[in-house]
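Enquirer: For reference, the structure I am asking about is given below.
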Amino acid sequence: MASLLLRQTLTKTKPTAIIRRFSTAAAVASPTEYEEPTGITMKGVKISGRPLYLDTQATTPVDPRVLDSMLPFYLSRYGNPHSRTHLYGWESETAVETARAQVAALIGASPKEIVFTSGATESNNISIKGVMHFYKEKKRHVITTQTEHKCVLDSCRHLQQEGFEVTYLPVGSDGLIDLDRLRKEIRPDTGLVSIMAVNNEIGVVQPVEEIGKICKEFNVPFHTDAAQALGKIKVDVEKCNASLMSLSGHKIYGPKGVGALYMRRRPRVRVEPQMNGGGQERGIRSGTVPTPLVVGMGAACELAMKEMEYDEKRIKSLQERLLNGIREKIDGVVVNGSMDRRYVGNLNLSFAYVEGESLLMGLKEVAVSSGSACTSASLEPSYVLRALGVDEDMAHTSIRFGIGRFTTEEEIDKAVELTVKQVEKLREMSPLYEMVKEGIDIKQIQWAQH
Amino acid sequence: MAVPGAVVPMRIEVLHLYRTLLRVGRQFSDYNIGEYSKRRTMDAFRDNKNLTDTRLLSAAFSDGKAQLEVAKKQAIVYSLYAPKVKSILDF
């Protein structure tokens with residue numbers, strides 16, 4: 001039956017653009033506007049095919065096994081998990097609880113401690129604003145770092161406007177925080193320490209176990225944004241003594257629009273809910289739990305648990321191939337962030353004597369990013385690189401390569417080839433590079449104004 | 001020890017499963033998923049080559065069959081929504 005339908009669908013002639021009256025076919029944004037048989041033209045750029053995807057820190061493709069687990073909940077099992085009176089609700093609720101257990105198993109928690117949200121941004125908002133608002137009588141101080149995700153920094157800024165005090169810990173040139181400095185900054189009225197496990201821009205892994213130990217000593221709740229760490233490095237809420245942990249679905253080959261928040265029960269940490277309503281998710285996050293998305297996230301977590309070791313070994317060898325491939329052909333390549341304490345799938349490189357915008361413009365056949373997706377709209381260099389102490393000109397030329405489960409050796413080799421070609425072309429045209437080759441030290445030059 | 005319900009697959013069944021999984025991998029319209037499918041099959045079968053425990057053997061075989069069912073369905077779904085232009089590596 002399925003094969004007959006398939007044969008009929010694939011041999012149908014291309015649908016015309018005529019909209020028939022009374023047709024209920026969904027008006028989907030048709031990709032025929034920018035896709036032609038010869039290639040893709042979009043925003044004035046023409047490329048021969050879909051680019052290589054090397055931006056896994058921004059988002060990851062949905063794993064087919066995850067999609068397979070989600071589809072029944074869009075097709076026939078579409079009930080609301082909070083409907084208590086019929087089969088549709090019961091089967092939906094069972095699926096949500098199964099997914100909850102799968103997510104909890106990956107981080108070593110109990111299913112009762114997991115709350116589903118719309119993503120890591122929402123989980124971060126609930127953690128920071130929710131915790132501080134709940135304990136606002138006694139606790140007025142928050143500690144975080146300068147390299148956190150924008151949502152954490154923005155929530156802290158919101159708290160500052162309300163009258164709380166926030167300490168932004170500086171990081172070293174390797175991207176790691178100073179544990180003694182953290183110890184000194186903790187005060188009796190510190191309500192929360194929020195430090196991300198793996199940075200999305202530079203891939204540096206913070207020492208969460210040591211931080212957890214310090215927080216336990218001073219009895220301060222520890223929140224960690226584990227969106228980039230989940231399913232990639234071993235994250236255990238007991239080992240790092242986290243009171244709160246933000247998780248994201250679309251960074252581990254799951255669907256977009258879903259995330260989770262881990263909230264410790266012993267000792268209990270209380271939050272003020274940011275979403276009020278019917279009291280779903282134990283009153284922490286009201287709103288219908290999106291069953292297909294949650295099931296997808298659960299399946300993605302279960303997969304991640306099985307595949308973590310295999311993926312890590314493979315991605316490590318791909319990262320070495322990428323870095324060595326680029327370093328063999330060109331010099332002046334700097335890796336931003338510590339090389340030892342790093343997640344293997346994130347490689348943030350700066351190329352000296354090359355202008356960043358033009359480098360990215362020439363790399364249209366490789367989907368990479370400079371800085372994080374959230375900040376790529378503005379023209380400023382990334383605040384994370386600035387916190388690392390990287391010079392302005394090097395910060396502008398940084399490119400972040402993201403390697404994932406589905407990246408192949410061929411893609412890495414092609415990315416190396418394209419990057420090297422573009423960098424060499426730009427350096428050829430650069431008068432600064434000519435001066436460097438002649439031996440002039442650029443930083444000593446007194447630029448005369450005309 | 002003979003565990004009830006543990007069916008030890010014969011060598012020819014294992015080979016058939018292997019070849020079918022690789023064939024479905026080739027049918028994926030998406031370059032990345034197809035390559036992953038083939039590579040993961042080869043690595044998984046290679047890692048389980050020397051299993052002798054009957055329970056582990058039959059568990060791995062039934063796991064492989066379940067993965068094949070998922071792969072066949074998803075190959076159809078991906079081909080239904082395949083973009084008109086393929087990855088630049090497909091040229």
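Rule-based calculations on the coordinates, nothing more; no lab input. This one's a predicted model, so the numbers in the text were calculated from it and none came from an experiment. We place every Cβ from the backbone using ideal geometry, glycine too, and count neighbours over all the protein chains shown.
Enquirer: Taking amide H positions as placed in the peptide plane 1.01 Å from N, state which residues far from A:MET275 in sequence (5 or more) or on other chains have amide H under 5 Å from it.
Expert: The list, which skips near neighbours in sequence, is A:SER286.
Enquirer: Additional query: Who wins for biggest fluctuation among A:PRO188, A:PRO381, A:PRO255 in a Gaussian network model of chain A, springs between alpha carbons below 10 Å?
Expert: A:PRO188
Enquirer: Further question on the same structure: Test of understanding: ordering A:ILE186, A:ILE128, A:ILE445 by Cβ neighbours within 10 Å, fewest first, what list do you get?
Expert: Least crowded to most crowded, the residues run A:ILE445, A:ILE186, A:ILE128.
Enquirer: Right, another one. Out of B:ALA71, B:ASN50, B:TYR31, whose Cα points farthest toward the positive end of the dipole of chain B (charges: +1 Lys, Arg; -1 Asp, Glu; placed on Cβ)?
Expert: B:TYR31
Enquirer: Pairs to check: A:LYS139/A:LYS251; A:LYS150/A:LYS443; A:LYS129/A:LYS364; A:LYS43/B:LYS38; A:LYS251/B:LYS84. Give those whose C-alpha atoms are more than 29 Å from each other in this structure.
Expert: Listed pairs above 29 Å: A:LYS139/A:LYS251; A:LYS150/A:LYS443; A:LYS129/A:LYS364; A:LYS43/B:LYS38.
Enquirer: Next up: Taking Cα atoms of the range A:64-303, Rg/Rh with Kirkwood Rh, to two decimals?
Expert: 0.98
Enquirer: For A:ILE126, A:ILE177, which order do you get if you count the other beta carbons within 10 Å of each Cβ and list the fewest first?
Expert: In increasing order of surrounding Cβ atoms, one gets A:ILE177, A:ILE126.
Enquirer: Here's something else I'd like to know. By the gyration tensor of its Cα atoms, with a ≥ b ≥ c the square roots of the eigenvalues, what is the shape of the range A:82-223: rounded for a/c under 1.5, prolate for a/b over b/c, or oblate?
Expert: prolate
Enquirer: So, how do all the Cα-to-Cα distances of the range A:299-360 break down into 10 Å bins, in percent, from 0 on up?
Expert: All Cα pairs, binned at 10 Å, distribute as 18, 41, 26, 13, 2 percent.
Enquirer: What are the residues whose amide H is under 5 Å from the amide H of A:ASP225, where those residues sit 5 or more places off or on another chain and H is modelled from the backbone?
Expert: The list, which skips near neighbours in sequence, is A:ILE195, A:MET196, A:ALA197, A:SER246.
Enquirer: To one decimal place, what Kirkwood hydrodynamic radius in Å is obtained for the range A:191-337 from all pairs of distinct Cα atoms?
Expert: Averaging 1/r across every pair of different Cα atoms and inverting gives 17.4 Å.
Enquirer: Report the Rg/Rh value for the range A:379-426, based on alpha-carbon coordinates and the Kirkwood definition of Rh.
Expert: Radius of gyration over Kirkwood radius for the range A:379-426 works out to 1.08.
Enquirer: What dipole magnitude, in Debye to the nearest 20, does the protein assembly as shown give about its Cα centre under +1 on Lys/Arg Cβ and -1 on Asp/Glu Cβ?
Expert: 1920
Enquirer: When a/c is below 1.5 the answer is rounded, else prolate if a/b is larger than b/c, else oblate, so apply that to the range B:11-79 with a ≥ b ≥ c taken from the square roots of the Cα gyration tensor eigenvalues.
Expert: The shape class here is prolate.
Enquirer: Quick one: what are the phi-derived ³J(HN,Hα) couplings along the range A:171-184, Karplus 6.51/-1.76/1.60 with θ = phi - 60°, whole Hz, x for glycine and proline?
Expert: 10, x, 6, 9, x, 9, 7, 8, 5, 5, 4, 4, 4, 5
Enquirer: Using only the alpha-carbon atoms, how far is helix B:11-27 inclined from the longest principal axis of chain B? Give it as 0 to 90 degrees, nearest 10.
Expert: For helix B:11-27, the angle is close to 10 degrees.
Enquirer: State the extension gain, in nm to one decimal, for the chain segment bounded by A:GLU309 and A:TRP447, taking 0.36 nm per residue of separation less the distance between their alpha-carbons.
Expert: Extending this stretch completely gives an extra 44.4 nm.
Enquirer: Rounded to the nearest 10 degrees, what's the angle between the helix B:54-80 long axis and the longest principal axis of chain B, both from Cα atoms, 0 to 90?
Expert: Once rounded, the angle reads 20 degrees.
Enquirer: I need the calculated FRET efficiency for the pair A:ALA367 and A:GLU137, taking r as the beta carbon distance and R₀ as 45 Å, to the nearest 0.05.
Expert: Computed FRET efficiency for A:ALA367 and A:GLU137 comes out at 0.40.
Enquirer: Here's another thing I want to ask about it. When a footprinting reagent is the concern and you count Cβ atoms within 10 Å, what order do A:ARG282, A:ARG50 take, fewest first?
Expert: The most exposed by this proxy come first: A:ARG282, A:ARG50.
Enquirer: May I pose another question? Indicate, rounded to the nearest 5 percent, the antiparallel portion of the DSSP beta bridges found entirely in the protein assembly as shown.
Expert: Bridges in the protein assembly as shown that DSSP calls antiparallel: roughly 60 percent.
Enquirer: Also, quick follow-up: At most 16 other C-beta atoms within 10 Å and a DSSP loop state: those are the exposed trypsin sites (Lys or Arg not before Pro) I care about. Give me the longest piece of chain B that has none.
Expert: Longest stretch, sites excluded: B:1-48.
Enquirer: A further question follows. Averaged over A:414-424, how many beta carbons belonging to a partner chain fall within 10 Å of each residue's beta carbon?
Expert: Rounded to a whole number, the mean comes out at 0.
Enquirer: Moving on to the next point. Based on alpha-carbon positions alone, could you give the equivalent ellipsoid semi-axes of the range A:308-434 from the gyration tensor, as √(5λ), descending, whole Å?
Expert: Working from the Cα gyration tensor, I get semi-axes of 23, 18, 13 Å.
Enquirer: Given a Förster distance of 51 angstrom, what is the FRET efficiency for A:GLU165 paired with A:MET435, based on the Cβ-Cβ distance and rounded to 0.05?
Expert: According to the calculation, E is roughly 0.60.
Enquirer: Moving on. Any chance you could list P(r) for the protein assembly as shown, counting all Cα-Cα pairs in 20 angstrom bins from zero, rounded to whole %?
Expert: All Cα pairs considered, the percentages come to 19, 49, 29, 3, 0.
Enquirer: Let me ask you something else. Within chain A, which complete DSSP H helices have Cα atoms spanning at least 24 Å along the helix axis and a mean Kyte-Doolittle hydropathy of -0.5 or higher?
Expert: Those that clear 24 Å and a mean of -0.5 are A:87-107, A:291-329.
Enquirer: A follow-up question, please. Return a whole-number percent for the relative contact order of the range B:11-79, with Cα pairs under 8 Å and 6 or more residues apart as the contact set.
Expert: 43
Enquirer: Follow-up question, since we're still on this one. Suppose the chain between A:GLU210 and A:ARG84 were pulled fully straight at 0.36 nm per residue; how much longer would it get relative to their current alpha carbon spacing?
Expert: Separation in residues times 0.36 nm, less the Cα-Cα distance, equals 40.9 nm.
Enquirer: Next up: Search the structure for amide H atoms under 5 Å from the amide H of A:ARG50, placed 1.01 Å from N in the peptide plane, and list their residues when 5 or more places away or on another chain.
Expert: Excluding prolines and chain starts, which carry no amide H, the hits are B:LYS86, B:SER87, B:ILE88.
Enquirer: Can I ask one more? Give me a single rounded figure for A:55-65: the average over its residues of other chain Cβ atoms within 10 Å of their Cβ.
Expert: What the average comes to for A:55-65 is 2.
Enquirer: Also: Over all directions, the average projected area of the alpha-carbon convex hull for the range A:196-235 comes to how many nm²?
Expert: Computing the convex hull of the Cα atoms and averaging its projections yields 2.7 nm².
Enquirer: Moving on. In whole Hz, what ³J(HN,Hα) sequence does the range A:253-258 give by Karplus (6.51, -1.76, 1.60; θ = phi - 60°), x for Gly and Pro?
Expert: Each residue's phi maps through the Karplus curve to give 6, x, x, 7, x, 9 Hz.
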